Structures are given as structure tokens and as C-alpha cells.
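Structure record follows, encoded as C-alpha cells.
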């Protein structure tokens, strides 16, 4: 695929770029610069020209691992808060 080709973008990304480009043109930006800025904005917001099928699926073990690690950190912060409140009540 040649550089600058828009074939890998989804139709939604192409529509988004057209709308952004027309907004820049209304503000007085030249046509080429408006197009460049529009595609830069689309790339920034959507992560570039990737089709949905190109996304990697997570394995079940990685999702389980991340969930358990999140649960562990939440539990510790709760314990810390409860011990703090107990300490403050003892001082009084």
C-alpha cells in the first residue's frame, strides 16, 4: 500500500475526515492543509487506519489476570482507608 493511501480506513473514519476537513475550510484554511489536518485528527482520535478485523483478541488468561490484579488493589486501598479512620477515631 503506497504511503498516503486511505484504503485501510473505515468508512466511518473517512466520513469523520470529510467533516473535519470542511470545518477547516470554513475557517479559511487551504484545501491541502485542511485535508492534512483532518487526517491527522482522525489518526489521533481513532489510532490510525486500522480495520476492525485487525484488532487482536485478548486471551481468556490475560483478562482473568488483569481482573484479579484490579481486585487486589481495590481491596488494599479500602483496608488503608478503614485503618486511617480507626486511627483518627482513637486520637479523639
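The values are calculated or read from the model by the stated rules, or taken from the named source; none is laboratory data. Predicted model, so just to flag it, every value in this text is computed and none were measured. Neighbour counts run over all protein chains shown; Cβ positions are idealised from the backbone, glycine included.
One line per residue, one yes/no per condition, for (1) surrounded by 12 or more Cβ atoms within 10 Å (Cβ to Cβ); (2) assigned to a helix (DSSP H, G or I); (3) touching a residue at least 24 places away in the same chain (Cβ under 8 Å):
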residue: 3; (1), (2), (3): no, no, no
residue: 6; (1), (2), (3): yes, no, yes
residue: 34; (1), (2), (3): yes, yes, no
residue: 40; (1), (2), (3): yes, yes, no
### Message
Looking at the structure I just gave you, is residue 24 surrounded by 10 or more Cβ atoms within 10 Å (Cβ to Cβ), modelled with pLDDT of 65 or more and more than 23 Å from the chain's Cα centre (by Cα)?
### Response
yes
